[in-house]
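Reviewing the structure listed below.
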Amino acid sequence: MTPEFGPDEVESFRSIVGRRLGLDFEDTKLGFLADVLSRRVRSSDRGCGIYLRRLESGPAKDEIAALAQELTVAETYFFRNIDQFRALAEVGLPDRMRAQAARRRLRLLSAGCASGEEAYSLAILVRENVPDAAWDVSILGIDVNPAMLERAARARFSAWALRETPSEVKQRWFRSDGRDLVLDDAARTSVKFEERNLNENEVELWEPGAYDVVFCRNVIMYFTPESAQALIGRIARTLAPGGYLFLGHAETLRGLSQDFHLRHTHGTFYYQRRSRLHAPHQEPSPGRSQYAPPAPASLTAVVEGSDTWVEAIRRASERIQAITRTPSQPLSPRTGLAAPRPRSDLGQVLDLFHRERFRDALELVRALPPDSAKDPDVLLVHAVLLTHSGRISEAEETCRKLLEMDELNAGAHYLLALCREGAGDRSGAIDHDQVAVYLDPGFAMPRLHLGLLARKASDRQTERRELSQALLLLQREDASRLLLFGGGFGREALIALCQAEIVAAGGNP
Ligand SMILES: C[S@@+](CC[C@H](N)C(=O)[O-])C[C@H]1O[C@@H](n2cnc3c(N)ncnc32)[C@H](O)[C@@H]1O
């Protein structure tokens with residue numbers, strides 16, 4: 001018999017699952033949720049209404065475990081994203097050993113450990129890098145799915161689970177048993193596993209300052225924004241100041257936390273807890289205008305005639321100003337606009353910016369009350385205006401002020417990439433573009449800039465790859481963001497530039 005329920009019950013199920021497990025399901029997953037709900041209601045021997053009420057209100061630990069088995073993704077393998085393990089071995093671990101030299105104690109947490117490969121990879125790494133037996137090292141793996149934890153406890157794995165494991169590590173730490181590979185006891189016994197729900201604020205699990213390193217990879221990508229933010233808050237508290245957090249390679253703390261410094265080494269990203277924790281952070285957002293400026297006639301010509309992209313932006317800005325300024329347009333505060341009012345003036349600044357009146361907009365920013373210098377939106381717009389005016393060192397200084405407030409601001413990193421290129425620091429430019437891409441994978445401009453930087457280095461492969469990515473992203477890039485960061489060029493002009501450059505680099509747009 002199929003349990004009786006309709007779309008409203010499936011919707012309730014979705015929101016209860018979000019509240020209890022933290023998991024987020026898009027509309028496209030409603031059919032899947034209906035199937036799961038149907039199975040769970042049937043096995044509960046109750047009606048759907050009673051099942052949902054119990055799930056909502058009761059402790060229902062067994063039911064949460066059963067749901068976790070149905071609803072979570074448990075994909076994992078040893079040394080997944082191996083660059084992060086290198087960064088931990090060469091940066092994080094030595095640093096934490098210095099910090100813990102007096103106690104000689106290290107604590108590591110694998111949060112969302114699935115069948116244990118991540119926690120055991122940490123155990124192997126620690127064994128290989130902390131050879132002194134006087135150190136007390138322990139690793140805890142936690143997950144809400146008991147079936148995965150049972151597999152973890154067996155410490156037997158298929159060859160597939162070791163597909164990214166260096167062969168010498170495989171030889172040292174595993175022995176074959178039939179088709180399985182069995183982990184050495186020395187690594188196995190340094191890991192403990194516990195069934196825990198990361199969406200619950202369990203006091204004894206999240207003890208303040210308890211951990212040196214937390215791996216929480218490929219977990220928050222499945223969480224609702226509220227649950228992800230709450231979980232990161234708990235992780236920030238449970239990490240010692242200066243402790244390290246590793247997320248999955250497609251996950252960032254952007255918009256979730258201001259409690260960490262972003263670290264970028266070994267071709268990967270990770271985080272280090274600040275010495276003091278901040279209050280919850282609100283994402284700054286630039287104005288949402290649908291206005292698109294007229295594109296200059298030939299962007300390719302402007303780019304060809306410029307040494308750097310930032311130079312191209314400056315030349316285009318000057319050209320647009322010359323074209324668009326008319327004597328009848330009202331000028332800046334000094335020449336007639338209303339006296340500045342604290343926050344709403346950013347709207348006026350943006351309006352002048354939209355009309356390509358960069359100098360007037362800069363004057364207006366300078367006339368804002370001193371408090372505005374602490375507003376991330378104002379700083380970002382100010383930095384954009386300075387970049388358009390070719391005032392690179394001031395733009396850089398403004399970006400750095402902004403990053404002191406909001407280290408994960410992708411726009412500031414992109415502008416810094418332009419500034420670094422302007423200062424002749426190519427590797428600094430690439431680094432900031434890569435940070436911007438990592439923080440916001442949908443951001444087209446740093447991709448485009450990486451492509452242009454590669455072109456100058458005659459690295460055709462990177463040029464084609466980055467420009468092709470930029471081309472894809474430009475088609476759906478937010479209009480207001482294009483306006484702010486497009487360097488005065490419209491969507492169509494930037495798309496045409498990418499297409500022309502890809503062809504010139506021997507590719508197909
Ligand atoms: C994709 S796996 C990631 C495994 C490993 N961290 C990695 O990156 O290879 C995600 C794991 O998070 C667990 N998970 C999801 N929601 C959870 C929750 N609320 N509490 C604890 N674990 C959860 C799942 O059970 C699953 O094992």
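The values are calculated or read from the model by the stated rules, or taken from the named source; none is laboratory data. It should be emphasised that the depicted structure is a prediction, and the values quoted were computed from it without experimental measurement. Please note: Cβ atoms are built from the backbone with ideal geometry, for glycine as well, and neighbour counts cover all protein chains shown. Ligands, DNA and RNA are excluded from the accessible area calculation, which covers all protein heavy atoms including side chains. Shrake-Rupley method; radii C 1.70, N 1.55, O 1.52, S 1.80 Å.
Based on the mean of other beta carbon atoms within 10 Å per residue, what is the order of 489-499, 435-445, 37-47, most packed first? List each step's numbers first, then the result.
Values: 489-499: 20.3, 435-445: 22.4, 37-47: 15.5.
Highest mean packing first, the order is 435-445, 489-499, 37-47.
Could you work out how far helix 61-71 tilts from the main Cα principal axis of the chain, as a 0 to 90 degree angle to the nearest 10?
The answer is roughly 60 degrees.
Once you have the alpha carbon radius of gyration of the stretch 392-469, what is it after dividing by 2.2 N^0.38 Å, with N set to its residue count? Write down the numbers at each step before the final one.
On the way: Rg = 12.1 Å, N = 78, 2.2 N^0.38 = 11.5 Å.
With N residues counted in the stretch 392-469, Rg over 2.2 N^0.38 Å equals 1.05.
Under a crude label model (7 Å from the Cα following the beta-carbon direction), how far is D62 from I50 in nanometres?
Each label point is offset 7 Å from its Cα along the Cβ direction, giving 1.5 nm.
Where the only charges are on Cβ atoms (+1 Lys, Arg; -1 Asp, Glu), what is the dipole of the stretch 7-71 about its Cα centre, to the nearest 20 debye?
Working: 11 positive and 12 negative charges, 58 e Å.
The calculation lands at about 280 debye.
Can you tell me the dipole magnitude for the chain around its Cα centre, using point charges on the Cβ only (Lys, Arg +1; Asp, Glu -1), in Debye to the nearest 20?
Working: 66 positive and 71 negative charges, 106 e Å.
My answer is approximately 520 debye.
For the stretch 41-115, how big is Rg over Rh, using alpha carbon atoms and the Kirkwood form of Rh?
Working: Rg = 20.7 Å, Rh = 16.5 Å.
For the stretch 41-115, the value is 1.25.
Arranged from highest to lowest average of other beta-carbon atoms within 10 Å per residue, in what order do the peptides 23-34, 244-255 appear?
Numbers: 23-34: 13.9, 244-255: 20.3.
Listed from highest to lowest mean packing, they are 244-255, 23-34.
Rank by packing, highest mean first: peptides 7-13, 216-222, 108-114, with packing defined as the count of other Cβ atoms within 10 Å averaged across residues.
Details: 7-13: 16.1, 216-222: 21.6, 108-114: 27.0.
Sorting 7-13, 216-222, 108-114 by mean packing, highest first, produces 108-114, 216-222, 7-13.
Each residue of the stretch 75-88 in order: what ³J(HN,Hα) in whole Hz does its phi give by Karplus 6.51 cos²θ - 1.76 cosθ + 1.60, θ = phi - 60°, with x for Gly and Pro?
Per-residue couplings from phi come out as 4, 6, 7, 5, 6, 4, 6, 4, 4, 5, 5, 5, 4, 5 Hz.
Can you list the trypsin sites (Lys or Arg not before Pro) in the stretch 154-195 that are in a DSSP coil and have 16 or fewer other beta carbons within 10 angstrom? Could you put the intermediate results ahead of the total?
Numbers: sites: R154, R156, R163, K170, R172, R175, R179, R188, K192; in loops: R163, R179.
Sparse-neighbourhood loop trypsin sites (Lys or Arg not before Pro): R163, R179.
If the chain between E195 and D431 were fully stretched, how many nm would it gain, using 0.36 nm times the residue separation less the Cα-Cα distance? Don't skip to the end; give the middle numbers.
Values: separation 236, 0.36 × 236 = 84.96 nm, distance 3.94 nm.
Computed gain between E195 and D431 is 81.0 nm.
Can you give me the % of accessible surface on the stretch 212-278 that is carbon or sulfur? Probe 1.4 Å, all protein chains present, nothing else counted. Mind dumping the intermediate values first?
Working: 1150 of 2270 Å².
Carbon-and-sulfur percentage of accessible area, whole number: 51.
Give me the angle, in degrees from 0 to 90, between the Cα long axis of helix 30-44 and the longest principal axis of the Cα atoms of the chain, rounded to the nearest 10.
Helix 30-44 sits at roughly 20 degrees to that axis.
Restricting to the chain, compute how many DSSP beta bridges are antiparallel as a %, nearest 5.
Numbers: 15 of 35 bridges.
Close to 45 percent.
How far is helix 410-422 tilted, in degrees, relative to the longest principal axis of the Cα atoms in the chain, given as a value from 0 to 90 rounded to the nearest 10?
Roughly 50 degrees, rounded to the nearest 10.
Which lysines have a Cα less than 29 Å from the Cα of K374, not counting those fewer than 8 places away in the same chain?
List returned: K401.
Which of the lysines could a cross-linker span from K170 if the Cα-Cα distance has to be under 25 Å and same-chain partners fewer than 8 positions apart are dropped?
Once the sequence-local lysines are set aside, what remains near K170 is K192.
Non-local amide H neighbours of G141 (under 5 Å, H modeled in plane, Pro and chain starts lacking H): which ones?
Residues meeting the amide H criterion: S110, K192, F193, E194.
Among Y77, A373, V435, whose Cα sits farthest toward the positive end of the charge dipole of the chain (+1 at Cβ of Lys/Arg, -1 at Cβ of Asp/Glu, about the Cα centre)?
Farthest towards the positive pole: A373.
Let me test this: with uniform point scatterers at the alpha carbons of the stretch 7-71, what is the Debye-based log₁₀ I(q)/I(0) at q = 0.12, 0.20 1/Å?
After summing over all Cα pairs, the log10 values are -0.24, -0.72.
For the chain, what does the relative contact order come out to in percent, with C-alpha contacts under 8 Å and a separation of six or more? Can you show the working numbers first?
Values: 783 pairs, mean separation 54.6, N = 509.
Once divided by the residue count of the chain, the mean separation gives 11 percent.
Report the one residue of A410, F353, S306 whose Cα lies farthest in the direction of the positive end of the charge dipole of the chain (charges on C-beta: Lys and Arg +1, Asp and Glu -1; origin at the Cα centre).
S306
Subtract the Cα-Cα distance of R98 and S138 from 0.36 nm times their separation in residues, and report this length gain in nm to one decimal. The partial results should precede the final answer.
Numbers: separation 40, 0.36 × 40 = 14.40 nm, distance 1.70 nm.
Result for the pair: 12.7 nm of gain on full extension.
Beyond 45 Å, what share of the Cα-Cα pairs of the chain is found? Please give it as a whole percent. Provide the component values of the computation, followed by the final result.
Numbers: 33679 of 129286 pairs.
Roughly 26 percent, rounded to a whole number.
For K456, which aspartates and glutamates qualify as cross-link partners when the Cα separation must be under 17 Å and same-chain residues fewer than eight apart are set aside?
E304, D307, E311, E421, D425, D431, D433, E466, E501
At 1.4 Å probe radius, can you tell me the per residue accessible area of the chain in Å²?
Numbers: 23060 Å² over 509 residues.
With the other protein chains kept in place, the chain gives 45 Å² per residue.
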